[in-house]
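Structure record follows, encoded as structure tokens.
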Amino acid sequence: MAVKYVPEPFRIKVVEPLRMLTREEREKRIAAAHYNLFYLKSEDVYIDLLTDSGTNAMSQFQWAGVMQGDEAYAGASSYYKLIDAAKDIFGYGYIQPVHQGRAAEKVLLPLFLSEGKFAISNMFFDTTRAHVILSGARAIDCVVPEALDPSRRAPFKGNMDVEKLEKLIREHGPEKIGLVVMTITNNSAGGQPVSVRNVRETAAVCKKYGIPFDIDAARYAENAYFIQRDEPGYADKSIKEIVREVFSYADMFTMSAKKDTIVNMGGMIGVKDEKINEKLILEIKSRCIEFEGLYTYGGLAGRDLEALAIGLYEGLDDNYLRYRVGQMEYLAAKFDDAGVIYQSPVGGHGVFLDATAMFPHIPYTEYPAQALCVELYREAGIRCCDIGSYMLGNDPDTGKQLKADFEFSRLAIPRRVYTQAHLDVIVDAVIEVKKRASGIKHGLRIVWEPPILRHFQAHLEPIK
Ligand SMILES: *Cc1c(COP(=O)(O)O)cnc(C)c1O
């Protein structure tokens, strides 16, 4: 079924030239990169879908804000502008800027987690899982079962399985659960949204057992758009009202601001209730000083704080969000026509291709999703990333390769960057790879890997 492309609610003022290598050149580049697309030079990539993180195009207002950044070490006006914007949108008493999402995790998570404890999430993102493990605790995913079937179309496939959550809490004992984390949208499950109802029910379980509730908030605006579109009772609420309500159920948030706030660098921690969390906020401030810098800049330049304050509002704009999710819907409809399987319905920040469906003959131990990423680079200079067993890594206790719930090749779409014609190049490349998929007999093997977050650095080779 054809889906009409939602026209851009902006026009282009600055352009960044791209070049396309020949197939032969690409073949050389990917081999030199050890078949790990993180090692490719960006200039050797035609369409870069590695991530939607920090790859956003800023507006003229944000660039103007860059010039107004106050670079004072302490108490910069840009800091206060950011705090006012974030308090206005999220309704939280304390806001701490940090340089990116994982910095928020590094500062906050060890205050709740240590050896012997568990953190439970609808699904941990890779850096969040890593920081849980680095704190000595263990991470448990608890997503609704329909999320695990990419071809099953259901709304809010990012939701927490609330019944299972309560079961897990009882099994381990509430005192062992340091934190419950709700990732919105659920990145690892395909940018799938979480409903207000599910956030409310999860919060109620946390309250019942006295467990702190944290939102991993990278894509809070895209999540609110899906709520407005699909959740009964929310069609007439504004995006900002929906964001407010979602955050009202949690105790705190950690955020990578490199996603929905449409900047290139930034992050935040929020604590809802300033009064009852005085000690926690003091600890956040001291850890921020240790790792990030003074709490009024948190590892960011004044100009970054300024762009972030402006981007917070731009990310909530209805026309922008319709266009943004519209790009995913356009891609998804083309893939439907071609019989390409992806996590459906399509999520908010990319299309997650089901590599198991593309290469049913390649086992998870040969990383089919990474193999598909390599093929898309060969085909059209497209760079995307594995969200599967290759990314998941080894069991921290046994060292054995873990089997991921999915083998996704994620086509993450940067915000306000690529045009309809670029999307058509992506579609054509995926269809071409699908045509020759049965001839690609094997995946890849790892020849070297670091102990944690290996997918950024590992060396691979094709299995002959
Ligand atoms: C990107 C992301 C993070 C980590 O943020 P960085 O800014 O990359 O450090 C954490 N959680 C989620 C859900 C993310 O998407």
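Report, to the nearest 10°, how far helix 420-435 tilts away from the longest principal axis of the Cα atoms in the chain, using its own Cα long axis and a range of 0 to 90°.
50 degrees
Sorted from largest to smallest, which semi-axis lengths in Å does the alpha carbon gyration tensor of the chain give for its equivalent ellipsoid, taking the root of 5 times each eigenvalue?
33, 26, 22
So, by mean Cβ neighbours within 10 angstrom, what's the order for 412-418, 356-362, 446-452 with the highest one leading? Could the numbers behind the result be given before it?
Values: 412-418: 20.4, 356-362: 18.7, 446-452: 13.4.
So the order, starting with the most tightly packed, is 412-418, 356-362, 446-452.
Per residue, what volume in Å³ does the convex hull of the Cα atoms of the stretch 292-352 enclose?
In the stretch 292-352, the Cα hull volume divided by residue count equals 115 Å³.
Under the Karplus relation 6.51 cos²θ - 1.76 cosθ + 1.60, θ = phi - 60°, what is the ordered set of whole-Hz ³J(HN,Hα) values for the stretch 64-75, x standing for Gly and Pro?
Coupling constants for the stretch 64-75: 5, x, 4, 5, 9, x, 8, 8, 4, 5, 10, x Hz.
In whole Å, what is the distance between the alpha-carbon centres of the stretch 303-364 and the stretch 242-292?
25 Å
I'd like the distance between the alpha-carbon centres of the stretch 439-455 and the stretch 38-55, rounded to an integer number of Å.
19 Å
Starting at the first residue of the stretch 329-339, write each ³J(HN,Hα) from the Karplus equation 6.51 cos²θ - 1.76 cosθ + 1.60 with θ = phi - 60°, in whole Hz, x for Gly and Pro.
5, 5, 4, 4, 5, 5, 5, 4, 4, 8, x
Once you order the gyration tensor axes a ≥ b ≥ c over the Cα atoms, which shape class does the stretch 58-138 get: rounded for a/c under 1.5, otherwise prolate or oblate by comparing a/b with b/c?
Details: a/c = 2.51, a/b = 2.34, b/c = 1.07.
Here the stretch 58-138 falls in the prolate category.
With +1 assigned to the C-beta of every Lys and Arg and -1 to the C-beta of every Asp and Glu, and no other charges, what is the dipole magnitude of the stretch 280-417 about the Cα centre in debye, to the nearest 20?
260 debye
Highest mean first, how do 260-273, 200-213 rank when packing is the count of other Cβ atoms within 10 Å averaged over residues?
Sorting 260-273, 200-213 by mean packing, highest first, produces 260-273, 200-213.
Just for the stretch 60-314, what percent of DSSP beta bridges are antiparallel, to the closest 5?
Expressed as a percentage, antiparallel bridges in the stretch 60-314 total about 45.
Per Stokes-Einstein, at 37 °C and 0.692 mPa s, what whole-number D in µm² s⁻¹ belongs to the stretch 60-314, with the Kirkwood radius over Cα pairs as the hydrodynamic radius?
D, rounded to a whole number, is 180 µm²/s.
Please list, by residue number, every one of the chymotrypsin sites (Phe, Trp or Tyr not before Pro) in the stretch 296-373 that is coil in DSSP and has at most 11 other beta-carbon atoms within 10 Å. Intermediate values should be presented prior to the final figure.
Details: sites: TYR297, TYR313, TYR320, TYR323, TYR330, PHE335, TYR342, PHE352, TYR364; in loops: TYR297.
Answer by residue number: there is no such site.
Sort 137-144, 216-223 by the packing proxy (mean of other Cβ within 10 Å over each peptide's residues), most packed first.
Top to bottom by mean Cβ count within 10 Å: 216-223, 137-144.
Take the alpha-carbon centre of the stretch 166-210, take the same for the stretch 2-29, and report the distance between them in whole Å.
For the stretch 166-210 versus the stretch 2-29, the Cα centre distance is 39 Å.
In the structure shown, do any of LYS285/LYS403; LYS208/LYS259; LYS13/LYS258 have a Cα-Cα gap over 28 Å, and if so which?
LYS285/LYS403; LYS208/LYS259
Which percent of the Cα-Cα distances in the stretch 108-235 go past 22 Å?
32 percent
Based on DSSP H runs of at least 4 residues, each adding -39500 (n - 2.57), what is the mean residue ellipticity at 222 nm of the chain after dividing by all its residues, to the nearest 500 deg cm²/dmol?
One gets -12000 deg cm²/dmol as the mean residue ellipticity at 222 nm.
Taking the Cα atoms only, what angle lies between the long axis of helix 162-172 and the longest principal axis of the chain, rounded to 10 degrees?
That works out to roughly 70 degrees.
Hey, what do the phi angles of the stretch 184-195 turn into as Karplus ³J(HN,Hα) couplings, whole Hz, using 6.51/-1.76/1.60 and θ = phi - 60°, x for Gly and Pro?
10, 4, 6, 4, 5, 8, x, x, 7, x, 10, 7
Principal axis lengths of the stretch 161-261 from Cα atoms, whole Å, largest first?
Computed over the stretch 161-261, the largest-to-smallest principal extents equal 39, 30, 23 Å.
A short reminder: the numbers here are calculations on the coordinates, not readings from a lab. Note that the structure is a prediction, hence the values are computed from the model and not measured. Neighbour counts are summed over all protein chains in view; Cβ atoms, including those assigned to glycine, are modelled from backbone coordinates with ideal geometry.
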